[in-house]
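A.B. asks: Got a structure for you, questions after.
The values are calculated or read from the model by the stated rules, or taken from the named source; none is laboratory data. Predicted model, so just to flag it, every value in this text is computed and none were measured. Please note: Cβ atoms are built from the backbone with ideal geometry, for glycine as well, and neighbour counts cover all protein chains shown. Accessible surface is based on the protein model in full, side chains and every heavy atom, while ligands, DNA and RNA are left aside. Shrake-Rupley method; radii C 1.70, N 1.55, O 1.52, S 1.80 Å.
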Amino acid sequence: MTASSAWSTDRRRDAMSSEESPLAHWEQRYAGAEPVWSGRVNPTLAAAVAGLPPGRSVDLGCGEGGDVIWLAQQGWQALGLDLSPTAVARAREAASARELGPGSARFEQCDLSAWEPDEASYDLVTASFLHSRVALDRTRILRRAARALAPEGLLVIVSHAAPPPWALAHDHEGTGPTGPHEQMLTAQEEADEIALDPSAWAVEVAEQREREADGPDGQHGHLEDSLLIVRRTA
Ligand SMILES: C[S@@+](CC[C@H](N)C(=O)[O-])C[C@H]1O[C@@H](n2cnc3c(N)ncnc32)[C@H](O)[C@@H]1O
């Protein structure tokens, strides 16, 4: 466990009484008139996916759709799922403003905690910063995502390995920059947590990447990302 996740675990107990529903939390996050995210593809994801033959993809917690739109532009039949109806509406609007093939970028409102994908239905499952300050059963969701991969399909997870500088600006509950539910793991810790059967899934990349990035509300910062890539082998 990292120092930040241990610290987060300590805070979780204190925050239980002020529990907020995930839907209310994320609708509030997207409530402003301006987009929350940059709208550009995450560069770590883009580098990981570049050169793959396009197929069917699904992005978990797609937010305002930047990654899905980029995938559609690369030829993928790309679906984005997100809890927030506001984020989904923004993603659809952003996609319709681009010249994309019909149905190549689709978005659906979906609570991933109840997501039951068909077995072996996607060639690529992506999750960029599928973090939440409120309840999110990330490990269970990512295990299901692995089962949704077709043989040879990839699960590409890009996460914060440490809280981004702008998380401090959203510490409204006083629970710290990551919130009471947040776990920020290294890629290897994440692989250990998901614990996929090695006879059917192979970890191809589990590493940390550092980069400069634009965050919400015009902020800029130095980020440490975890990149975990898993291939379904059987
Ligand atoms: C930190 S944002 C990342 C958004 C986007 N992937 C990106 O990189 O810009 C996390 C996203 O996960 C979504 N989310 C949180 N809990 C969810 C759940 N239970 N089901 C579906 N989406 C969820 C939020 O609405 C939010 O858009």
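A.B. asks: For the range 50-83, what are the residues that are buried (at least 20 other Cβ atoms within 10 Å of the Cβ), away from the ligand (no atom under 14 Å from the Cβ) and in a helix (DSSP H, G or I)?
C.D. replies: Listed by number, the list holds a single entry, ALA72.
A.B. asks: Looking at LEU154, LEU168, LEU124, which is the one that is at pLDDT 85 or above and either touching an Asp or Glu at 6+ places or on another chain (Cβ under 8 Å) or not in a strand (DSSP E or B) (or both)?
C.D. replies: Selected residue: LEU154, the only one of LEU154, LEU168, LEU124 that is at pLDDT 85 or above and either touching an Asp or Glu at 6+ places or on another chain (Cβ under 8 Å) or not in a strand (DSSP E or B) (or both).
A.B. asks: What number of residues within the range 218-234 satisfy the criterion of being open to solvent by 10 Å² or more (accessible area, probe 1.4 Å), more than 30 Å from ALA150 (Cβ to Cβ) and in contact (Cβ under 8 Å) with a residue 60 or more places away in the chain?
C.D. replies: Qualifying residue count, the range 218-234: 1.
A.B. asks: The conditions are (1) surrounded by fewer than 18 Cβ atoms within 10 Å (Cβ to Cβ); (2) assigned to a loop (DSSP other than H, G, I, E, B), and ALA47 fails exactly one of them. Which is it?
C.D. replies: Answer for ALA47: the failing condition is (2).
A.B. asks: Quick check, is THR86 open to solvent by 10 Å² or more (accessible area, probe 1.4 Å), part of a helix (DSSP H, G or I) and either over 20 Å from GLU64 (Cβ atoms) or away from the ligand (no atom under 14 Å from the Cβ) (or both)?
C.D. replies: Taking the combined requirement at face value, the residue does not satisfy it.
A.B. asks: Which count do you get for residues in the range 89-114 that are free of Cβ contacts under 8 Å to residues at least 40 places away in the same chain, within 22 Å of ALA24 (Cβ to Cβ), open to solvent by less than 40 Å² (accessible area, probe 1.4 Å) and touching a helix residue (DSSP H, G or I) at 6+ places or on another chain (Cβ under 8 Å)?
C.D. replies: Residues flagged as free of Cβ contacts under 8 Å to residues at least 40 places away in the same chain, within 22 Å of ALA24 (Cβ to Cβ), open to solvent by less than 40 Å² (accessible area, probe 1.4 Å) and touching a helix residue (DSSP H, G or I) at 6+ places or on another chain (Cβ under 8 Å) within the range 89-114 amount to 1.
A.B. asks: Quick one: in the range 133-160, of everything that is open to solvent by 10 Å² or more (accessible area, probe 1.4 Å) and small (Gly, Ala, Ser), which residue is nearest to the ligand (Cβ to nearest atom)?
C.D. replies: Selected residue: ALA135.
A.B. asks: Right, here's the next one. Hey, GLU182 hits all of (1) open to solvent by less than 40 Å² (accessible area, probe 1.4 Å); (2) at pLDDT 95 or above; (3) of a type in the set (D, E, K, R) but one; which does it fall short on?
C.D. replies: Here GLU182 clears every test but (2).
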